[in-house]
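Here the structure is laid out as C-alpha cells; the discussion comes afterwards.
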Amino acid sequence: MAEKKTNIVLTGFMGAGKTSVGKSLAREKSMGFIDTDDIIEKNSGISITEIFSRYGEVHFRTLESQAALEVSALKKHVIATGGGIVLSQENVDCLRLGGKMFYLKATPEVIWERVKHYQHRPLLQVQDPIGKIRALLSERESCYHRADCTIDTSHLTVEQVVAKIVEDLDGSGDFSLCEG
Ligand code: S3P
C-alpha cells in the first residue's frame, strides 16, 4: 500500500509567498517548517547569492536537488521550496512522494511589488527585472503545473491562502496529518 502523504509542499515563483504562507500554515497545523533555500545555505555554508556568483546556476541546481531529496525524507512538515525547484521532474517526483504539492501562483506585477525591495535573489539582479520575471514565468509555467493544486495568491492575504490550503486538505482523501 502507498504511504500516506504527510508533508505540504509549497512551490511557485519568487515572491509568491511560499515562506510566509508556509510558516503560518505550519503554526496552524502544528507541523514543522523547512525551506529548501535554508537547507542549501546551511549545507554549503554560504549564501544563495554567493553560490550563484562563485559557482553558477548549474551548481546551485545540483545543491537544490540534494536539498529536495533531504527534505522529502521528512514527515509532517510544511516545505517551502525555491522558485526553480520544479524545473527538475525528479525534484517534483521525490517531493510529491510524501507530500501534497501546491503551486502558489501570482501575476508578474504582483511578484514585482513583493520582491522589488530585496536584493538576495540573483536571478532578478538585472536591468529589466519585470521582463525577466515575465520570461521566467512563461518558461516555467508548465513546470509549476506539475503540482497537485494551484492557488492564485495575487489578491489574497497570507491568512486567506493558508485557509484555502487547509480547506483543500480537509476535503482530500490522499492526505493525513494524523497517520503516516
Ligand atoms: C530561485 C528562487 C529562489 C532561490 C534562488 C533561485 C529561482 O528562492 O532558490 O534565488 O530560480 O526561482 P525563492 O523562490 O524562495 O525566492
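At-a-glance table
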item	result
With at most 15 other Cβ atoms within 10 Å, longest stretch of the chain clear of loop trypsin sites (Lys or Arg not before Pro) (DSSP)	5-74
Among Leu137, Gln89, Thr36 the positive-end extreme of the charge dipole of the chain (Cβ point charges)	Thr36
Cβ-Cβ FRET estimate between Glu109 and Asn43, R0 fixed at 25 Å, reported to 0.05	0.15
Sites Ser154 and Ser88, calculated FRET efficiency, Cβ-Cβ separation with R0 30 Å, nearest 0.05	0.70
Calculated diffusion of the chain, Stokes-Einstein form, Kirkwood radius summed over Cα pairs, 25 °C and 0.890 mPa s, µm²/s	149 µm²/s
Assigned charges on the beta-carbon of Lys, Arg, Asp, Glu; the range 36-132 dipole about Cα centre (debye)	280 debye
P(r) of the range 1-84 over all Cα-Cα pairs, binned every 10 Å from zero, in whole percent	18, 47, 28, 7, 0
Extension gain, Glu28 back to Leu123 (0.36 nm per residue minus Cα-Cα distance, nm)	31.0 nm
Of Lys29/Lys105; Lys75/Lys116; Lys4/Lys116; Lys5/Lys42, pairs whose Cα-Cα distance is over 32 Å	Lys75/Lys116; Lys4/Lys116
Sum of side-chain charges, Tyr103 neighbourhood, beta-carbon under 9 Å (Lys, Arg +1; Asp, Glu -1)	+1
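No value in this document is a laboratory result; all are computed from the given coordinates. Source: prediction; values computed, not measured. Please note: Cβ atoms are built from the backbone with ideal geometry, for glycine as well, and neighbour counts cover all protein chains shown.
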